[in-house]
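Here is the structure we will look at, set down as structure tokens.
The values are calculated or read from the model by the stated rules, or taken from the named source; none is laboratory data. Everything numeric here is computed off the predicted structure, so don't read it as measured data. Here the Cβ positions follow ideal geometry from the backbone for every residue, glycine too, while neighbour counts run over all protein chains shown. Surface accessibility is based on the protein's heavy atoms, side chains included, excluding ligands, DNA and RNA. Shrake-Rupley method; radii C 1.70, N 1.55, O 1.52, S 1.80 Å.
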Amino acid sequence: QMQLVEHGGGLVQTGGSLRLSCAASGIIFGLYAMGWYRQAPGKQRELVATITSGGTTNYEDSVKGRFTISRDNAKNTVYLQMNSLRTDDTAVYYCNAYWDTYEYWGQGTQVTVSS
């Protein structure tokens, strides 16, 4: 069965860094675009960053210059490097895979940024 498993969440202070990873299994990873989404308490889920199967990236405006999405197809893994973290980055971060009519989600990992 398909699985997306996130790691790397935690508690950091403002200005700190975290690196999230999402390991996929049960899919042909190289066919899928991958994304990171987040949902803060009381807020709607929002797109953070995406990377296509060809490596094209896109970012939500507030994270440009601070976050970097990357993928390693040999490891079936997508990463999100988060630097200069702010309190408003606090959210549950979800890994997403999509191709054609197929879409999958991870369980999420909590990122908490304290002031």
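Some values worked out for this structure:
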{"item": "Potential extension, D72-Q39 segment - 0.36 nm per residue separation minus Cα distance", "result": "9.4 nm"}
{"item": "Per-peptide average of other Cβ atoms within 10 Å, ordering 100-110, 4-14 highest first", "result": "4-14, 100-110"}
{"item": "Efficiency of FRET between R86 and V5 - r from beta-carbon atoms, R0 25 angstrom, step 0.05", "result": "0.45"}
{"item": "Heavy-atom accessible surface of the chain: percent carbon and sulfur, 1.4 Å", "result": "45 percent"}
{"item": "For Cα extents along the principal axes in Å, calculated from these coordinates, the label among [x] 41, 25, 24; [y] 49, 24, 24; [z] 40, 30, 24", "result": "[x]"}
{"item": "Accessible area (Å², per residue) of the chain, counting only protein heavy atoms and a probe of 1.4 Å", "result": "55 Å²"}
{"item": "Per residue Cα convex hull volume in Å³ - calculated over region 7-52", "result": "115 Å³"}
{"item": "Nearest-10 value in Å² for the accessible area of R45, using the 1.4 Å probe", "result": "130 Å²"}
